[in-house]
Amino acid sequence: MSEIIASIGFLQQGPFSIPRWEAVFSNIDVLWAGALVTLLVASLGLAMALALGTVIGVMSASHWKLPRALARAYVEFYQNTPLLIQVFMLFNAIPLVFPGLFIPVIVIGIFGVGMYHGAYIAEVVRAGIQSIGRGQLEAALSQGFTYVTAMRYIIIPQAMRIVLPPLTNQAVNLIKNTSVIAIIAGGDLMYAGDSFAGRYGHYGPTYVIVGLGYFLMCFPLAVLTRRLEERTRAA
């Protein structure tokens, strides 16, 4: 009997009590708005990372030393410093370098995750390009293609089939890493959850729902990654 009474008390007064869940669900629009910001930052950040990563990846696979050196410097810097510090520095350094210039925190978040994951995507693209036989590039060059057009029309289309699974995995990581913009009040899902939980004290249910939100955004991409890997191995 005492165990039943204790469990009832936990449901009424504990960190995961029913009234706390009711309070969170009655204000779910706050978390929903944060989730929309997360999706916006993730979508635009991914587009930037793909464009930047493709260019840097092509530079990394180049036979010219200067593009390779620049690409290597970019990749090493972003892969060996925390994203949290990068976003924090972007947020604080831009007003110092350009006084009076106002950049919305969402834009800083897009640039932060875009440039960070661009370095990882560059390595994926470089590995995909180098997996294609060097003879194909040489044959294209001998037929009058420039290095850029040979990459665009011959090498990269073949490499895409190889790099799609790791690229999809990078998209999953990018969505999760958008949570770092909470430190600059980015209005994302993590920030919305932190703000709501800190204001009302409903930490347990809030973070469960926030975690579930990230899971729902990432899980379909994780499944897609596995299927693409299986298809690549079967080909």
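The values are calculated or read from the model by the stated rules, or taken from the named source; none is laboratory data. This is a predicted model, so every value here is computed, not measured. Cβ sites come from the backbone with ideal geometry, for glycine too, and all protein chains shown count toward neighbours.
Side notes on the structure shown:
- The set of residues from the stretch 1-37 being within 12 Å of T206 (Cβ to Cβ) and either part of a helix (DSSP H, G or I) or modelled with pLDDT under 90 (or both) comprises P15, F16, R20, W21, A23, V24, F25, I28, V30, L31, G34.
- Residue in the stretch 148-182 that is farthest from L31 (Cα to Cα), counting only those that are modelled with pLDDT of 90 or more and of a type in the set (A, V, I, L, M): A171
- Verdict on A127 being touching a Ser or Thr at 6+ places or on another chain (Cβ under 7 Å), buried (at least 16 other Cβ atoms within 10 Å of the Cβ) and within 27 Å of T149 (Cα to Cα): no
- Qualifying residue in the stretch 126-148 (condition: more than 15 Å from T54 (Cβ to Cβ), in contact with a Leu (Cβ under 6 Å, 6 or more places away or on another chain) and not acidic (D, E)): no
- Residue in the stretch 82-91 that is within 17 Å of I121 (Cα to Cα) and not charged (D, E, K, R) present: yes
- From the list G187, G193, the lone residue that is touching a residue at least 12 places away in the same chain (Cβ under 8 Å), closer than 26 Å to F111 by Cα and not in a helix (DSSP H, G or I) is G187.
- Pairs with Cβ under 6 Å, 6+ apart, first in the stretch 210-221 and over 12 Å from L39 (Cα atoms), second among the aliphatic types (A, V, I, L, M): V210/L189; L221/A171; L221/V172
- Matching residues in the stretch 205-235 - criterion: being small (G, A, S), surrounded by fewer than 16 Cβ atoms within 10 Å (Cβ to Cβ) and in a helix (DSSP H, G or I): G211, A222, A234
- Pair list, Cβ under 9 Å, 6 or more apart: the stretch 82-98 residue touching a residue at least 12 places away in the same chain (Cβ under 8 Å), other residue among the basic types (K, R): none
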